[in-house]
Amino acid sequence: MLLKSLHHVLCKTLCSSVRPNFIVKGPRPNSIICQHRQARALFTMEEVEKGFREDVNLAAVCQMTATEDKDANFRAGSYLVQRAAKMGAKMVFLPEGVDYIASSAEKSASMAEPLNGKMVTGYAELCRQYGVWISLGGVHEMGPVQPVGDKIYCAHVLLNPEGEIASVYRKAHLFQAQIEGRMNLQESSYVLHGEHMSKVVDTPLGKVAPMVCYDVRFPEMSTALTQQGAEILTYPSAFTQLTGMAHWEVLLRSRAIENQCYVIAAAQTGKHHEKRASYGRAMIVDPWGCIVACCHDGLDVAVADIDLSYLRRVRTEMPVMQHRRHDLCGRLEGSSSKTNDDDC
């Protein structure tokens, strides 16, 4: 409990300069790790809402506590989208389990919908209403292409401002952890592995690579997507409290640093039911590894500028992708792989 409290205070300290009163266009000026970047002007939320800065390329990262109540979850998601749109975001990132988090594997499977079901259709309408892209970071998708028992997919769906499905990625790495007396989760007991890499999607923010939660522990996937042109890696998640306290931030910052990409990680937080709670701390990390946006506890949204000129500067000044020793380590495959969208 003491460790959790100290970690909570640290996160609040790191995030206090970007939320809730203003947004940082670039790094926190007082951050030691961000001295590589020149401090740039801060601007108020009122200026954002009035469109005062037209050059800002805002992404919104969201945090929520989903339960088995689909309607309540959709109301929470709708509120976050509305709030993000008002703040000037071009794209809104919602977490894994945005549709629901059920109390059993059997219930999770039974509550799943097809991608043309009520949940995705409802978010598509929000895209049209607010003129934004939406990342549904993980919905429970009914009916795999070739049904296998009662298992379902965890699908990361990108919707464009016309409400059309721009991309579907089905989670490839499924979480499994057995820690005596603390945790026993077997995602594969009711979810099917996705068979293909995601594709890199052109959006107003830049080139987005959809992934989901546990994928963050497999750096070869993010590197392969970066080699395909990704500028923004996404990890919508429902991290457990135990693993989140130990690994969440360091994993996200590592993926950002080694690929010189922005990382956007929407998150579930708090208690979903008697058996499960999530860590939270939804955040955006820049290509130098700086946390440039972080949600407070509970239902929240935070925004940050996705500055592609800065990304290009980082890659030019330290061209790590050009320094890879493919002669020693081989090349990562995946650039020509069939994507999930071929199944849609």
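The values are calculated or read from the model by the stated rules, or taken from the named source; none is laboratory data. This structure is a prediction, so every number in the text was calculated from the model and none was measured. Positions of Cβ are backbone-derived with ideal geometry, glycine not excepted, and every protein chain shown enters the neighbour counts. The protein model used for the area step is the full one, side chains on, heavy atoms only, and it has no ligands, DNA or RNA in it. Shrake-Rupley method; radii C 1.70, N 1.55, O 1.52, S 1.80 Å.
In segment 287-308, the count of residues that are open to solvent by less than 70 Å² (accessible area, probe 1.4 Å) and assigned to a helix (DSSP H, G or I) is one or more. Flag not set for P144, criterion: in a loop (DSSP other than H, G, I, E, B), at pLDDT 90 or above and not aromatic (F, W, Y). On the stretch given as segment 199-223, residues that are at pLDDT below 95 and either of a type in the set (S, T, N, Q) or open to solvent by less than 30 Å² (accessible area, probe 1.4 Å) (or both) total 1.
Please tell me if K171 is of a type in the set (K, R) and surrounded by fewer than 20 Cβ atoms within 10 Å (Cβ to Cβ). Against the criterion (of a type in the set (K, R) and surrounded by fewer than 20 Cβ atoms within 10 Å (Cβ to Cβ)), K171 does not qualify. Those strands (runs of 3 or more DSSP E) of segment 24-106 in which 3 or more residues are farther than 22 Å from T203 by Cα and at pLDDT 85 or above are absent. Here segment 199-229 is the region considered, the condition is being among the small types (G, A, S) and within 14 Å of the chain's Cα centre (by Cα), and the residue that is nearest to A60 (Cα to Cα) is A209.
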